[in-house]
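The block underneath contains the structure these notes are about, expressed in structure tokens.
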């Protein structure tokens with residue numbers, strides 16, 4: 001458009017030499033063709049990547065999930081060992097995530 005040509009010509013394009021104006025128009029045309037080619041390549045790559053992603057997602061096996069149930073090692077009940085009533089108070093709920101503290105406390109009770 002006229003404003004774009006004026007901007008490229010650093011002033012009114014109608015005041016420039018014909019050869020200079022033709023050079024500007026040819027350069028703008030080359031840029032437009034290159035831009036179109038790049039946009040087409042981007043579109044092609046996007047299409048290919050989308051296809052690859054869909055194929056990958058379709059080939060993934062479904063993972064089975066196994067539920068974890070806590071079982072008491074003392075009595076076999078459906079509760080953690082530190083809540084076992086069969087242990088008759090010899091559990092340490094405050095040490096349930098600290099095995100070293102549990103071992104130390106058990107050693108003290110043993111003596």
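See the values below:
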{"quantity": "With eigenvalues of the C-alpha gyration tensor scaled by 5 and rooted, the range 15-68, Å", "calculated": "54, 10, 4"}
{"quantity": "P(r) of the range 46-85 over all Cα-Cα pairs, binned every 5 Å from zero, in whole percent", "calculated": "6, 20, 11, 8, 8, 7, 6, 7, 8, 9, 7, 4, 0"}
{"quantity": "Least to most buried among 82, 20 (fewest other Cβ within 10 Å first)", "calculated": "20, 82"}
{"quantity": "Residue 38-residue 53 pseudo-label distance in nm [points 7 Å out on the Cα-to-Cβ vector]", "calculated": "2.3 nm"}
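Laboratory data are not the source of any read-out in this text; all were calculated from the coordinates shown. All values reported here derive from a predicted model rather than from experimental measurement. Positions of Cβ are generated from backbone atoms using ideal geometry, with glycine treated the same way; all protein chains shown enter the neighbour counts.
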